[in-house]
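Chemist: Below you will find the structure I want to go over with you.
The values are calculated or read from the model by the stated rules, or taken from the named source; none is laboratory data. As the structure is a computational prediction, the values presented were derived from the model and not from experiment. Don't worry about glycine lacking a Cβ; one is built from the backbone with ideal geometry, like all the others, and counts go over all protein chains shown. When the accessible area is computed, the model is the full protein with side chains, heavy atoms only, and any ligands, DNA or RNA have been set aside. Shrake-Rupley method; radii C 1.70, N 1.55, O 1.52, S 1.80 Å.
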Amino acid sequence: MRNFWGLLLLSLGLIFHSGAETFRSPRHIAIPSNPTQVGTADFNGDGRPDFYYTDATGLNVILAKADGSYAPPQTTSLGTATGCRVADFNGDGFADAVCFTTLYAPSAFASVFLGNGDGTMRQAETASIPGAGSTSQYQLSFIAFGDITSDGHLDIVFQSTGIASGTLFTWFGDGTGEFHGLVSYEYGSGWGVPTVADINGDGHPDLIFSQNALTLYGVGDGTFTRANSDAGTSTNCHLADFDKDGHLDLFCANLNYNNGGYYLEVHHGNADGTFAKTPVFSKGFSNADFTLPFAARDLDGDGYLDVLGLSDDGLVIFFGRPGMQFAAPVHYAFYNPEAFDADQGDPSLIADYNLDGNLDLAMPGVNGTPSKRLPTAANTAFPTAGATGRMPPSPMPLAP
């Protein structure tokens, strides 16, 4: 029997008198394929988050309607490219996209597609990437958008990674939707995906990689220099200012050798861009409760950032407490026949979809197959399109 994949859209309801929060009225948005990537952005300038996903047909855009429903997907062919990320490159209020060729493609290139304001896209330009392609067995992947040169225009940072080494590329935007020049920087492989932020206060965006928080300081011309320190053995690291001191802190997963699971760890950020070696918060969990963090948001409006993460069974949330501490994880289970890994945790999927002032969450999944592992309300509601009802957490305890 054919599975129809889709998105489960969860609305976050706040109950202020009790200090609790729940995700309510789960809604299933069916799509006819298993997407390789899912994200959200505003493609038509109406202020409502729209969905996009990539699959074998290309880049698909699902526009949100004012009545809360979604239009059928509009597809832009990508050729041999599959991985896309979106941002507004030319300042017209419509999301644009940059897409990259896959591993073993005959030639490697990055292509820019500009949004027309109605969910359709037009190809603007393509850059061939030297040293990548089928013969080198290198793969292109997106890293980040950022104003790397501090000229007020969005630039694109991406990488070409191989078995033993990798190359960072900065593609410079001019604010019109056009990009010029490629500056490269050679670095080691296996560093993971970085966050772009100025962590040492010199005015130039830096790159902090998810593996061990390895850091490259921005020079301001699109190149980087290697920092001297890292956070040890941590993985899947991200940044947020938990103590509101103006310096970004680090939150990561760290392998728990005692039971095979992971620790959630938070390292305090210093003014010089380094991080404290000893975590201010560290607690171990089994894989059923926690495998990696992917975002930090104040979900319950109490002024403390909460950590969103993934476990073997789906979404987990660690609600923030004073002193950079966190409550036990609250677990929301979703069924997905594929492993629940990093492709589920795109921070862009945390958005206010119904414009009620509360953050909502979308998660990719499959329709028509109920969970056999955790038959909670989250799972029983998920396979049915348009299902409603409050989603109580399972007994298992989560974290951006």
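Residue-by-condition table, conditions (1) hydroxyl-bearing (Ser, Thr, Tyr); (2) in a strand (DSSP E or B); (3) farther than 22 Å from residue 310 by Cα:
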{"site": "243", "(1), (2), (3)": "no, no, yes"}
{"site": "246", "(1), (2), (3)": "no, no, yes"}
{"site": "250", "(1), (2), (3)": "no, yes, no"}
{"site": "253", "(1), (2), (3)": "no, yes, no"}
{"site": "260", "(1), (2), (3)": "no, no, no"}
{"site": "263", "(1), (2), (3)": "yes, yes, no"}
{"site": "272", "(1), (2), (3)": "no, no, yes"}
{"site": "283", "(1), (2), (3)": "no, yes, no"}
{"site": "287", "(1), (2), (3)": "no, no, no"}
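Chemist: Which of the residues belonging to region 144-174 are outside any strand (DSSP E or B), at pLDDT 85 or above and either open to solvent by 20 Å² or more (accessible area, probe 1.4 Å) or touching a Cys at 6+ places or on another chain (Cβ under 7 Å) (or both)?
Modeler: 147, 149, 150, 151, 152, 153, 154, 174, listed by residue number.
Chemist: For region 106-120, check the following and say yes or no: at least one residue is modelled with pLDDT under 90, open to solvent by 50 Å² or more (accessible area, probe 1.4 Å), closer than 25 Å to residue 60 by Cα and outside any strand (DSSP E or B).
Modeler: Looking for residues that are modelled with pLDDT under 90, open to solvent by 50 Å² or more (accessible area, probe 1.4 Å), closer than 25 Å to residue 60 by Cα and outside any strand (DSSP E or B), one finds at least one in region 106-120, hence yes.
Chemist: May I pose another question? For region 297-330, enumerate the residues that are closer than 14 Å to residue 239 by Cα and open to solvent by less than 10 Å² (accessible area, probe 1.4 Å).
Modeler: 306, 307, 308, 309
Chemist: Additional query: Determine whether region 186-207 contains at least one residue that is over 30 Å from residue 280 (Cβ atoms), at pLDDT 80 or above and open to solvent by less than 30 Å² (accessible area, probe 1.4 Å).
Modeler: no
Chemist: Examine region 75-86 for a residue that is assigned to a loop (DSSP other than H, G, I, E, B), open to solvent by 10 Å² or more (accessible area, probe 1.4 Å), among the hydrophobic types (A, V, I, L, M, F, W, C) and out of contact with any His (no Cβ under 9 Å at 6 or more places or on another chain), and state whether such a residue exists.
Modeler: For region 75-86, residues assigned to a loop (DSSP other than H, G, I, E, B), open to solvent by 10 Å² or more (accessible area, probe 1.4 Å), among the hydrophobic types (A, V, I, L, M, F, W, C) and out of contact with any His (no Cβ under 9 Å at 6 or more places or on another chain): present.
Chemist: Just to be sure, is residue 54 more than 15 Å from residue 362 (Cβ to Cβ) and open to solvent by 50 Å² or more (accessible area, probe 1.4 Å)?
Modeler: No.
Chemist: All but one of (1) open to solvent by 10 Å² or more (accessible area, probe 1.4 Å); (2) closer than 24 Å to residue 214 by Cα hold for residue 293; which doesn't?
Modeler: The number of the failed condition is (1).
Chemist: For residue 280, work out the one condition from (1) among the β-branched types (Val, Ile, Thr); (2) more than 30 Å from residue 151 (Cβ to Cβ); (3) surrounded by 16 or more Cβ atoms within 10 Å (Cβ to Cβ) it doesn't fulfil.
Modeler: Condition (3) is where residue 280 drops out.
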